[in-house]
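This report refers to the structure that appears directly beneath it.
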Amino acid sequence: MEQELKDQRKKDLMAVHDTMDVLSGKWKISIISSICYYNKRRFSNILNDVPGISNKMLSKELKELEQNLIVNRIVLDTQPITVQYQLTEYGLTLQNIIKSLSDWGKEHRKVIIAK
C-alpha cells in the first residue's frame, strides 16, 4: 500500500513537471490570460497586455503555445493581413487555472496590503 502511494505521488509530481514544461517561463501564463479574457487577440493587443515583453519573445512564445496545441493562429483575409490568436478547445481547459490564479492574486494582494 505504501509503495502504491509513493508511485502515485511520483506520477503526480511528474504531471506537475510536464505542466511546467508547457507553461513555464516569464510570459506564457500572461499571454494565455490575455487571450483567455478577450477570447481573440491580435498580436499588438497581446503585446500591450503583457508589459515588458518584446516582439521577438512574444512571437517565440506564441509559436511554442501553438506547438503545444494551446493557441490557434488565425490569419484573416484582410488588407493588410490580420492575424488573431485564440485558445484551442484544449487550451480552453486552462480557463479554470487562469481564474484560480487571478482569484489567488487578488486575495494575496489584500493580505499583503493589510500587513
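The values are calculated or read from the model by the stated rules, or taken from the named source; none is laboratory data. Given the structure is predicted, the values throughout are model-derived calculations rather than measurements. Note that we place each Cβ from the backbone using ideal geometry, even for glycine, and neighbour counts take in every protein chain shown. Note: accessible area is taken over every heavy atom of the protein model, side chains too, but ligands, DNA and RNA are not part of it. Shrake-Rupley method; radii C 1.70, N 1.55, O 1.52, S 1.80 Å.
Before moving on, here are some points about what is shown:
- Counting Lys and Arg as +1 and Asp and Glu as -1 over every other residue whose Cβ lies under 12 Å from the Cβ of SER24, the net charge comes to -2.
- Full-stretch length increase - LYS56, LYS40 - with 0.36 nm per residue and alpha-carbon distance subtracted: 3.7 nm
- Each residue was assigned an accessible area with a 1.4 Å probe, and for THR78 the value is about 50 Å².
- Each Cα pair under 8 Å and six or more residues apart adds its sequence gap; the mean of these over the residue count of the chain is a relative contact order of 22 percent.
- Rounded to 10°, Cα long-axis angle of helix 55-67 versus longest principal axis of the chain: 60 degrees
- Kirkwood hydrodynamic radius over Cα pairs of the chain, then Stokes diffusion coefficient at 20 °C and 1.002 mPa s, in µm²/s: 133 µm²/s
- Prolate is the label for the range 47-115. Its Cα gyration tensor axes, ordered a ≥ b ≥ c, give a/c of at least 1.5 and a/b above b/c.
- Neighbour cut-off at most 13 other Cβ (10 Å), DSSP loop, trypsin sites (Lys or Arg not before Pro), the range 1-89: LYS26
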